[in-house]
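**Q** Below you will find the structure I want to go over with you.
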Amino acid sequence: MTRRYINLTLRAFNGECDSLVSKVRWNNVKRFEERIKKAFAAINKLGESNNTYITRKYINLKLDELHLVYELAHKKYKEKEDARAIREEQREEERAQQEFEKVRKDAEIEEKRFQKALELAKKDLGLVSGEKLDELNSQIEQLEQSLKDIHEEKERAISRAQETKSGHVYIISNLGSFGENVYKIGMTRRLEPMDRVKELGDASVPFTFDLHAMIFSENAPELERLLHNEFDDNRINKVNSRKEYFKVSLDEIEQVIIDKYDEKVDFIKIIEAQQFRETKSIIKQLQQTRDEQINVEIGKYPDSLF
């Protein structure tokens, strides 16, 4: 009878542990650890009358098994997150390259258009005189300047496409989503860096981001890395370094840039948070309306029944 009860106890405890171990994920190990301990205590409580117990050595082995499975799940999750972040970086780089290519092609089309208009205007030089000649010379001058500007724009796009390190480092906040003194310090190689900021506020967070600084650098990754290293102790996420959010004041960020970055940077100190503030105002108005309705309902009844 004792052997049978021992086997029953082992089956019950092993079954409970196996079920919990099979469900462990990268983010729930503590909860399942507590459940194994509770199962250990409950089964040993039932075995007191038969003087049958599961030893601490045995539960420790089961907890070790749980932690090993958790570590494997956590490694897989981290690899998945790293791969996702790399894919996001690749997509960001592809978008930047597409922007550069579009600007280059558009500039070439404009360049050809201005060149053709300039050639036609120069042909007409010998056919006009007086005021018309002055107007034509002015038109030629404008066309030559436009041609020069569009050529420079094309060259800049080609240069930016070839320079893999040039880009913008941005500093943004989202008061409604993350609270005060939490800033994201990131980098983009887009020709229009605000497009990246708008994308970040589209779907992943309930409110849009506020821009505090947009810094162009010939070596944007280095500047971003400098800021990340400087505020490493202030990271919100201590596990995943790809999460670029820091609990730090804007004055501290500005001071680091002043001390370690040569060029002057204009900071926007005011946090507008328009959607968040409007949302708070709407919630306040709704609450006031509900309070007024409740007071009206209460006012329908007499102060006393006597």
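Any read-out appearing in this document is the output of simple, stated calculations on the displayed coordinates, not a laboratory observation. Just so we're clear, the structure is a prediction, and the values are computed from it rather than from any experiment. Virtual Cβ from ideal backbone geometry, glycine too; neighbours counted across all protein chains shown.
**Q** If you take P(r) over Cα pairs in 20 Å bins from 0, in percent from the coordinates, which of (i) 32, 56, 11, 1; (ii) 20, 30, 29, 15, 5, 1, 0; (iii) 23, 39, 22, 13, 4, 0 do you get?
**A** (ii)
**Q** Given 102/184; 105/148; 37/80; 75/243; 102/198; 198/260, which pairs have Cα atoms separated by over 22 Å?
**A** 102/184; 37/80; 198/260
**Q** For the chain, which DSSP H helices look membrane-span-like by this rule: Cα extent along the axis of 27 Å or more and mean Kyte-Doolittle of at least -0.5?
**A** 2-23
**Q** Using each residue's phi in the stretch 185-191, evaluate 6.51 cos²θ - 1.76 cosθ + 1.60 at θ = phi - 60° and report the 3J(HN,Hα) Karplus result to the nearest Hz, with x for Gly and Pro.
**A** Per-residue couplings from phi come out as 10, x, 9, 9, 9, 4, 5 Hz.
**Q** Which of 116/154; 23/62; 247/280 have a Cα-Cα distance over 19 Å?
**A** Pairs exceeding 19 Å: 247/280.
**Q** Sticking with this one: Using a 10 angstrom Cβ neighbour count of at most 14 plus a DSSP loop assignment to flag exposed GluC sites (Glu not before Pro), which longest range of the chain is free of such sites?
**A** Here the longest run is 1-162.
**Q** Check residue 201: other-chain or 5+ apart residues with amide H under 5 Å from its amide H, H built from backbone geometry?
**A** Residues meeting the amide H criterion: 209.
**Q** If I stretch the segment between residue 64 and residue 76 completely, what's the gain in nm (0.36 nm per residue apart, minus their alpha carbon distance), one decimal?
**A** 2.5 nm
**Q** Under the definition of Cα pairs under 8 Å and six or more residues apart, what whole-number percent is the relative contact order of the chain?
**A** In percent, rounded to a whole number, it is 13.
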